[in-house]
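Everything below concerns the one structure shown next.
No value in this document is a laboratory result; all are computed from the given coordinates. Worth saying up front: this structure is predicted, and the values here are computed from it rather than measured. All Cβ positions, glycine included, derive from the backbone under ideal geometry; neighbour counts span all protein chains shown.
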Amino acid sequence: MTSTPPDRNPYAPYAAARSARPVQEVPDRSGRVPSILITGDAEAREALTCPALSKDTAAFFANRPSSRNLHPAVAHTMLATDPPAHTRLRGLVTKAFTSAATERLRPFVENLTASLLDSFAGHDEVDLVSALAVPLPVAVISELLGVPHSDRDRVRAWSASLFAAGDDAVIDAASHELAGYVEELVRDKRRAPGDDLLTQLIAVRDGTDQLSDEELVSLAVLLLVAGHETTTNAIGNAVLALLLNPLTLEQLRSQPEQISDAVPELLRFDSPVAMATFRYATEPVELAGVPVPAGAPVLIALGAANRDQRRYPDPDTLTLDRADGTSLAFGHGIHRCLGAPLASLELGIALTALLTRFPKIALAVPEQELEWRRTRLVRGLTRLPIRLR
């Protein structure tokens, strides 16, 4: 019997690692300071709020030669900064992503979802990823930022290429294409301002000078990419989880009003972000009693932490009425995902509309034939063929 590929089901290897030690050293390909891998919930929360762990990638790689050619707008986003720079940048966009602000987007998201589901008419089978999970969040974040309809397919393609694990040339090229496009979009918005978030950020840059030109482009790139990648994966993962758990699926089919309450558990069960973004120790520190030397990269496996049996009883079971829905699907601490309310809103609306319109959906291929994106950072399906009737 062959073992299940880790990209298909990483949770068994995660559980084995956590059982051995929830904080442990792992080999580093460079032969320098080993990396630290964290697979436990409590340990991940400690690391995500540890002031000795920095996200300043520019400082980390300053004296490390590299052949990479990532555009600075992609390499040095807000996610790769520490306070006070991070605090300033995040403060400029926080209001656009509060629960109240995203709730105002509900009619737009509902209408868009209905329109996408209309396109299923006449089909017995569709790929849910390309037909719903991708176009819905791409359209929502594009609408929020003011990206023209004609450009959205290109933005999605560049974003997907940024997660092409193992192909540095593809990633680097996509980073320049996307950053160059955003620079051009900023110029267009300066000439013809719109009623969108990017125009508001330009006004901040040109008015009070709280943003440099480089920061403006980098922030827009981050919002574009992060604004849909997580939600795309969340929709696909959640639908698959329900299809593989027919009793739970039937419960939500018969009581769709429970779907919004089910969203946190679906996000915990198969987290759309598998690994937190890069951190490293700026000084010697201990995490859960394990010494972490200065300069050591720290890898926080959010997906693994969300299956920690010490926090979640029977963690490999999808349980919609869990009392504690505060998983690490969107991170924790000052770097917790800014778009968490928007992603949850979109996921809830997508599931409600899908199960209401097509109550008989089922997998169209054996589970073993599904393909997962080969990237360490996010977890999501490349395709999800479903039968509608």
inquiry  = Show me, for the range 174-185, the HN-Hα J-couplings you get by feeding each phi into the Karplus relation (A = 6.51, B = -1.76, C = 1.60, θ = phi - 60°), rounded to Hz, glycine and proline as x.
reply    = 5, 4, 6, 4, 5, 4, x, 5, 5, 4, 5, 5
message = Give me, ordered by chain and number, the residues 5 or more places off residue 363 or on other chains with an amide H under 5 Å from its own placed amide H.
response = 387
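What area, in nm² and to one decimal, does the C-alpha convex hull of the range 85-156 cast on average over all directions? Display every interim value, and only then the final one.
Details: hull surface 25.0 nm².
Result: 6.2 nm².
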query = Which semi-axes, in whole Å and largest first, does the equivalent ellipsoid of the chain have when worked out from the alpha carbon gyration tensor as the square roots of 5 times its eigenvalues?
reply = 31, 29, 19
note = The answer for GluC sites (Glu not before Pro) in the range 303-389 that fall in a DSSP coil and have at most 16 neighbouring Cβ atoms within 10 Å is 371
ask   = Where a Cα-Cα gap under 23 Å defines reach, which lysines qualify for residue 189, not counting those fewer than 8 residues away within the same chain?
value = 95
ask   = Plugging the Kirkwood radius over Cα pairs into Stokes-Einstein for the range 110-248, at a temperature of 25 °C and a viscosity of 0.890 mPa s, what D comes out in µm²/s?
value = 148
query = When the Karplus curve 6.51 cos²θ - 1.76 cosθ + 1.60 is applied with θ = phi - 60°, which whole-Hz ³J(HN,Hα) does each residue of the range 316-326 get, with x for Gly and Pro?
reply = 8, 9, 6, 10, 5, 9, 4, 5, 10, x, 8
inquiry  = How many angstrom lie between the Cα centre of the range 257-271 and the Cα centre of the range 138-198?
reply    = 29
key: Over the chain: helical MRE at 222 nm, DSSP H runs n ≥ 4 each giving -39500 (n - 2.57), nearest 500   = -14500 deg cm²/dmol
Estimated vicinal HN-Hα couplings, Hz - the range 76-90 in sequence order (Karplus 6.51, -1.76, 1.60; Gly, Pro = x) = 10, 7, 4, 5, 10, 10, 10, x, x, 4, 4, 4, 5, 5, 5
remark   = Computed D for the range 280-366, Stokes-Einstein, Kirkwood radius over alpha-carbon pairs, 20 °C, 1.002 mPa s, to the nearest µm² per second, is 128
ask   = Amide H of residue 298: which non-local residues (sequence gap of 5 or more, or other chain) have their own amide H closer than 5 Å, using H built in the peptide plane?
value = 36, 279, 280, 281
